Amino acid sequence: MQLPSSVTQALAMLKAGGHEAYVVGGCVRDRLRGAEPADWDIATSALPEQTLEIFSACRCVETGLRHGTVTVWIGEMPLEITTYRVDSGGHDHRHPDEVHFTPSLREDLARRDFTVNAIAYSPESGIVDPFGGQRDLASGLLRCVGEPNRRFEEDALRLLRALRFSSVLGFSIEDRTAAALHRRKELLRSLSTERVREELLRLICGRYAAFVLRGYPDVIGTVLPEILPMVGFDQCNPHHLYDVYEHTLHALEAIAPQPVLRMTMLLHDSGKPASFTMDEEGIGHFYGHQAISERLARQIMERLKFDHVSAQRILALIRWHDADLVPTDACLRRWLNRLTEDGLRQLLQVKRADNLAQHPDYRDRQQEIDRLEESLENLLARKPCFTLRELAVNGKDLIAAGISPGPEMGRLLRLLLDAVIEGRCSNDKDALMALIPSLVPKSTTSNF
Ligand code: ATP
Ligand code: MG
């Protein structure tokens with residue numbers, strides 16, 4: 001196995017100090033499946049103080065001394081070096097009650113979550129794989145090390161990690177591990193919102209997210225109960241060939257794997273079950289579902305403490321996902337003003353993905369979105385004015401023209417901007433100034 005030179009060097013330094021040292025966990029898993037590891041972790045028999053001593057010439061940070069982890073920089077590369085350890089307890093399903101160091105690599109591997117994450121490697125000893133991780137890696141199988149129910153009870157984060165790895169790596173979940181996931185799903189309630197949010201976002205951004213969301217709605221529904229009414233909900237509508245949840249999963253798969261976009265797709269139709277009505281012809285309708293979806297999404301964003309900027313964007317995209325857009329400059333300027341350039345581009349992606357998940361008879365909407373995107377590029381190339389920042393007139397100009405500062409001036413600027421956005425006036429100072437008398441009540445200024 002090819003290791004970065006700084007990793008080889010760290011292993012050699014620990015070994016020269018009389019200790020065992022292996023690369024372990026995600027980096028070994030990723031190397032064996034031909035992917036580039038995100039970071040390199042080292043497990044060693046050296047105690048943390050011994051590690052600090054050995055790397056005294058390097059920059060070291062005692063990342064989690066109680067857990068035996070020291071971060072060491074060799075050149076530019078940070079390495080997490082952790083003493084072999086066993087965890088015991090975990091009575092709150094979140095934190096081990098006690099951490100014991102052990103001289104045994106096997107014991108250290110036994111405390112790890114999944115067999116594919118419990119493989120170690122060193123240049124001298126080669127691969128150490130006591131739990132069949134390589135076999136599971138070859139068959140694309142995620143299996144708990146040890147008894148799954150017990151492992152999930154020790155640490156509930158493992159439930160979400162299982163789903164996240166399955167989504168990102170495309171691995172199936174071994175039967176007993178899968179059964180324990182369903183049986184122990186309530187444990188997820190003990191996790192902190194931050195950890196749930198982070199794992200959930202990684203899960204829905206995985207390449208195989210739809211596969212996992214389809215197989216484990218009950219587990220994900222423990223932390224996102226808002227999605228459950230969608231499962232199996234028949235739309236009774238010719239636009240759709242899937243139930244609401246299946247449509248949602250197809251739409252989610254059809255959009256780029258970015259948290260804001262994926263979250264939008266997951267929740268864009270969550271308000272449909274609550275808004276369902278059927279007409280005399282037996283056709284289903286969902287009037288006003290966008291507002292209900294937005295409300296459910298807001299509830300989730302608040303509960304999971306999403307950052308304000310992402311939450312606002314997700315809510316706006318959900319609110320407007322069915323909005324009618326036409327490829328005219330005025331319409332596009334209006335939406336640029338409402339959503340910003342980045343937001344409008346995202347809305348078009350949302351509409352594209354939503355349509356790709358509808359009945360194929362309605363795919364001509366794709367060309368409508370092509371035209372909207374073309375018109376948007378064309379408009380942006382002309383440096384359009386769609387916020388006060390680009391308006392050819394500002395507050396100073398208005399003061400110079402005799403208008404007193406205050407809320408009335410703000411209102412006037414907004415009216416001028418509206419005139420430019422709607423194409424009633426060009427963004428030209430003289431033209432805008434000439435428009436003012438028609439916008440101002442006679443008594444407000446002396447000059448007009
Ligand atoms: P990635 O870095 O892509 O998320 P990873 O497998 O490296 O994947 P980390 O969170 O970096 O995940 O953890 C490194 C290793 O530590 C894992 O491979 C696993 O062996 C072990 N590990 C991490 N979290 C847990 C846990 N909650 N329970 C048991 N072992 C864990
Ligand atoms: Mg890692």
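The values are calculated or read from the model by the stated rules, or taken from the named source; none is laboratory data. Everything quoted here is computed from the prediction, not taken from an experiment. Heads up, the Cβs are rebuilt from the backbone with ideal geometry, glycines too, and the neighbour counts pull from every protein chain shown. These accessible areas exclude ligands, DNA and RNA; they are computed on the full protein's heavy atoms, side chains included. Shrake-Rupley method; radii C 1.70, N 1.55, O 1.52, S 1.80 Å.
Roughly how many percent of the accessible protein surface of the stretch 1-141 is carbon and sulfur, given a 1.4 Å probe and a whole-percent answer? Of the solvent-accessible surface of the stretch 1-141, carbon and sulfur hold 50 percent.
Both the radius of gyration and Dmax for the stretch 26-73 are 12.6, 35 Å, in that order, over alpha-carbon atoms. Could you work out the relative contact order of the stretch 325-417, using alpha carbon pairs under 8 angstrom and six or more residues apart, expressed as a whole percent? Relative CO of the stretch 325-417 lands at 27 percent. Note on the chain: helix-only mean residue ellipticity at 222 nm, from DSSP H runs of 4+ residues weighted -39500 (n - 2.57) and normalised by residue number, equals -14500 deg cm²/dmol.
Checking a compactness column here: for the stretch 290-399, what do you get for Rg(Cα) / (2.2 N^0.38 Å), N being the number of residues?
Numbers: Rg = 16.5 Å, N = 110, 2.2 N^0.38 = 13.1 Å.
This ratio for the stretch 290-399 stands at 1.26.
Taken along its three principal axes, the alpha carbon spread of the stretch 373-448 comes to 46, 19, 19 Å, from the longest extent down to the shortest. Compute the angle between helix 407-421 and the longest alpha-carbon principal axis of the chain, please, reported from 0 to 90 degrees and rounded to the nearest 10. For helix 407-421, the angle is close to 90 degrees. Surface exposure of the chain, expressed per residue as accessible area with a 1.4 Å probe, stands at 46 Å². The ratio of the alpha-carbon radius of gyration of the stretch 1-154 to the globular-protein estimate 2.2 N^0.38 Å is 1.02. Ranked by the mean number of other Cβ atoms within 10 Å per residue, highest first, peptides 252-259, 397-404 order as 252-259, 397-404.
Taking the mean number of other Cβ atoms within 10 Å as a proxy for protection, how do you rank 188-197, 29-38, 265-274 from highest to lowest? Working shown, then result.
Numbers: 188-197: 15.5, 29-38: 13.9, 265-274: 24.6.
In decreasing order of mean packing, 188-197, 29-38, 265-274 become 265-274, 188-197, 29-38.
Loop-located chymotrypsin sites (Phe, Trp or Tyr not before Pro) across the stretch 264-307 with a Cβ neighbour count of 15 or fewer within 10 Å are Tyr287, with loop assigned by DSSP. Remark: for residue pairs Lys305/Lys396; Lys305/Lys351; Lys351/Lys383, the C-alpha separation exceeds 31 Å in Lys305/Lys396. Let me see the P(r) profile for the chain: every Cα-Cα distance counted, bins of 10 Å, each bin given as a percent of all pairs. Going from the shortest bin to the longest, the percentages are 4, 17, 20, 19, 16, 13, 8, 3, 1, 0.
Cα convex hull of the stretch 91-204: mean projected area in nm², to one decimal?
On the way: hull surface 31.1 nm².
Result: a mean projected hull area of 7.8 nm².
Using only Cα atoms, tell me the angle between helix 193-204 and the longest principal axis of the chain; keep it within 0 to 90° and round to the nearest 10. Here the helix axis deviates by roughly 80 degrees. What is the distance in Å between the Cα centres of the stretch 51-83 and the stretch 347-381? So the separation of the two Cα centres works out to 51 Å.
Heavy-atom surface analysis with a 1.4 Å probe gives the stretch 351-448 a carbon and sulfur content of 52 percent of its accessible area.
Suppose every K and R has +1 on its Cβ and every D and E has -1 on its Cβ; what is the size of the dipole of the chain about the Cα centre, in Debye to the nearest 20?
Working: 54 positive and 63 negative charges, 124 e Å.
Using Cβ point charges on Lys, Arg, Asp and Glu, the chain gives about 600 debye.
For the chain, the longest principal axis of the C-alpha atoms and the axis of helix 5-16 are separated by about 30°.
Accessible area, 1.4 Å probe, largest first: how do His95, His321 sort? Walk me through the numbers on the way to the answer.
Working: His95 100, His321 5 Å².
Listed by decreasing accessible area, they come as His95, His321.
Taking the Cα centre of the stretch 313-407 as origin and assigning +1 to Lys and Arg Cβ atoms and -1 to Asp and Glu Cβ atoms, the resulting dipole is close to 380 debye. Note on the stretch 187-303: the alpha carbon radius of gyration divided by the globular reference 2.2 N^0.38 Å gives 1.07.
Compute the orientation-averaged projected area for the stretch 237-322 from the convex hull of its Cα atoms and round it to one decimal in nm².
Averaging across all directions leaves 5.6 nm² for the Cα convex hull.
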